[in-house]
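Participant: Please find one structure pasted underneath; my questions will follow.
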Amino acid sequence: MRQGTLGIAMVLASVVVLVSSALAEESRATVRTRAGDSYEVSNPTLEVFHTLGEPKERRAEPTGLQSSITFTSSTPYPSQQGDQPAGGEPGADTGKEKLLRGHSRLTELVVWRQGVEIRIPWNRLRNIRLARQPVFDSGLPPYVPHYRYSASVSLVDGEQVEADYVNLGTALLRGSRTVGRIDIPWEEIEYVTFER
C-alpha cells in the first residue's frame, strides 16, 4: 500500500515539475493597436498567409457600366434561373481553380535601415513600435489610404534598431487568450512588448 502511494506521489510531483517548467517557457506579449485597444496574449507568433498559383483563364475586365459584382451561393440547391450554374455567370465553367493556400510562421522580423536589410530573430525581440506616415504621391486613387511603415525595435540584449522601412505583407500577430485565439493584422499594431 505504501509503495503504491509513494509511486503516485512521485508521478504527481514529476507532472507538477514538467507543467511548471513548460509554463515558465511560455512567452507573453502586450499588444496595443492603433484604435487604442490593448491585448495580453500568450505564445505570440507572426504568421503570413499566402496563395500560390494562377487562375486557368483570366476573365475579361468589365467595361462601361457593367457590374463587376459576382454573387455566389453556398447552398447545394440548383439555381432558379434555368441552366445557369448556381452562384456563377451563365455559361461559366464550374471547375475549381487550382490555387494553393497556406500559411507559415515567420522566424524573423525583416526591417530596412537606409536601404540595408536587417533580419532580427523573433525570439530576440523585446519591443516593437511601428509608426506610419501617409504617402500622398502613390499610384493609388486618393480614396485608398496608403502608408509607409517604420519600426523601432528593442532586443533582449538591450540593442536598439531604428528602421526606416518595414513591410510584412499579409502577416498577422497570432496569440492565445483565455477566450480563444486572437489574430491582429500587423498594420493595425502600434506596439508589442514581449515577456520572455
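The values are calculated or read from the model by the stated rules, or taken from the named source; none is laboratory data. Bear in mind that the values here come from a model prediction, so they are computed numbers and not experimental data. When we count neighbours, we look across all protein chains shown, and the Cβ atoms used for this are built from the backbone with ideal geometry, even at glycine.
Participant: I'd like the full set of residues that are in contact with a strand residue (DSSP E or B) (Cβ under 7 Å, 6 or more places away or on another chain), acidic (Asp, Glu) and part of a loop (DSSP other than H, G, I, E, B), limited to region 25-42. Give the steps one after another, and end with the answer.
Facilitator: Just the residues of region 25-42 that are in contact with a strand residue (DSSP E or B) (Cβ under 7 Å, 6 or more places away or on another chain), to begin with: 26-34, 38-42.
Still in the running and acidic (Asp, Glu): 26, 40.
The one that is in contact with a strand residue (DSSP E or B) (Cβ under 7 Å, 6 or more places away or on another chain), acidic (Asp, Glu) and part of a loop (DSSP other than H, G, I, E, B): 26.
Participant: Also, quick follow-up: Can you tell me which residue is nearest to residue 43 (Cα to Cα) among those in region 122-164 that are surrounded by 15 or more Cβ atoms within 10 Å (Cβ to Cβ) and aromatic (Phe, Trp, Tyr)?
Facilitator: Result: 122.
Participant: Let me ask another. With respect to residue 176, is the statement that it is over 17 Å from residue 45 (Cβ atoms) and surrounded by 14 or more Cβ atoms within 10 Å (Cβ to Cβ) true?
Facilitator: Judged against the criteria, residue 176 is not a match.
Participant: Tell me, which residue of region 43-76 that is surrounded by 10 or more Cβ atoms within 10 Å (Cβ to Cβ) and part of a loop (DSSP other than H, G, I, E, B) is modelled with the lowest pLDDT?
Facilitator: By that ranking, first place goes to 70.
Participant: Something else about it: Given the criteria of a type outside the set (A, V, I, L, M, F, W, C), out of contact with any Gly (no Cβ under 6 Å at 6 or more places or on another chain), modelled with pLDDT under 95 and closer than 21 Å to residue 121 by Cα, does residue 193 qualify?
Facilitator: Taking the combined requirement at face value, the residue does not satisfy it.
Participant: Pairs needed: first member in region 123-147, under 20 Å from residue 192 (Cβ atoms); second member anywhere, among the aliphatic types (A, V, I, L, M) and not in a strand (DSSP E or B); C-beta distance under 6 Å; at least 6 residues apart or different chains.
Facilitator: Sorted first by the residue in region 123-147, then by its partner, the pairs are 124/156; 126/156.
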